[in-house]
1. Can you sort Thr27, Thr12, Thr62 so the residue with the fewest Cβ neighbours within 10 Å comes first?
2. Picking from Thr120, Pro2, Gly85, whose Cα lies most toward the positive end of the charge dipole for the range 1-159 (charges on Cβ: Lys, Arg +1; Asp, Glu -1)?
3. Can you find, among Gly67, Ala38, Trp100, the residue farthest towards the positive end of the dipole of the chain? Put +1 on the C-beta of Lys and Arg, -1 on that of Asp and Glu.
4. When the convex hull of the Cα atoms of the range 33-113 is projected onto a plane and the area is averaged over all directions, what value comes out in nm²?
5. Please rank Leu127, Leu94, fewest neighbouring Cβ atoms within 10 Å first, as an exposure proxy.
6. Please list, or write none, the aspartates and glutamates whose alpha carbon is within less than 18 Å of the alpha carbon of Lys88, excluding same-chain residues fewer than 8 places away.
7. What's the longest piece of the chain with no exposed GluC sites (Glu not before Pro), counting a site as exposed if DSSP puts it in a loop and it has at most 16 other beta carbons within 10 Å?
8. Compute, for the range 4-167, the length of the dipole vector about the Cα centre, with Cβ point charges of +1 (Lys, Arg) and -1 (Asp, Glu) only. Units Debye, rounded to 20.
Amino acid sequence: MPLSRVDGDILTGNYNVIVHIANAVSTIPKGFSSVLFATFPHADIYSRRNEADPPLRDQTGTFIACGDGREERFVVHIIASKYPGPPKWTNDALEKRKEWFVMALNDLGRYPLFQYPDTTVAFPAGLADFEPIIEEWAKRMLCQVVIVRWAGADRTAANARTLDTNSSQ
């Protein structure tokens, strides 16, 4: 299906799945992840990393699904970077991040939930480097894929919700 772009609140909208681009090492959420985890505590993958000794690290190019789709919203974390923030090191360069993002999306698309036209998958706006990849993925999927741009009266909340989503926080 073609990709749609909508204005609204990704956290309260009627979406079956919210996709979050995460990094492999953070233990403290910032930006969009802090708002996402506050809204959906079951989806907080960063805090659990501190519970292990040594701290857990997730594998890039994979995804972590949280929630049951009934009592808890499905939140899918795509581990598309090693480190938080913009790319700084060659082992976490933007091209590698894109490769990891594609790997995880392709794997995610094999699950039955994403084969139903009634399923709506939402990505937050602000992922400029990844939008062409999302658009290509959406064309191959039977589910509905949307990019949600925060639209609300409170611009402070809007900034908190979309802050640096391109940084894989």
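1. On the way: Thr27 13, Thr12 8, Thr62 16.
Least to most surrounded, the residues fall as Thr12, Thr27, Thr62.
2. Farthest towards the positive pole: Gly85.
3. Result: Trp100, furthest along the dipole toward the positive end.
4. Values: hull surface 25.0 nm².
With the hull built on Cα positions only, its mean projection is 6.2 nm².
5. Numbers: Leu127 19, Leu94 13.
Final ranking by Cβ density, sparse to dense: Leu94, Leu127.
6. Cα-Cα hits under 18 Å: Glu99, Asp129, Asp164.
7. Numbers: sites that count: Glu51, Glu71, Glu72.
It works out to 73-169.
8. Details: 18 positive and 20 negative charges, 49 e Å.
Around 240 debye, computed over the range 4-167.
Read-outs throughout are calculated quantities, based only on the coordinates presented, and are distinct from any laboratory measurement. Quick caveat, the model's predicted, so the values are computed rather than measured. In this analysis, Cβ positions are derived from the backbone assuming ideal geometry, glycine residues included, and neighbour counts consider all displayed protein chains.
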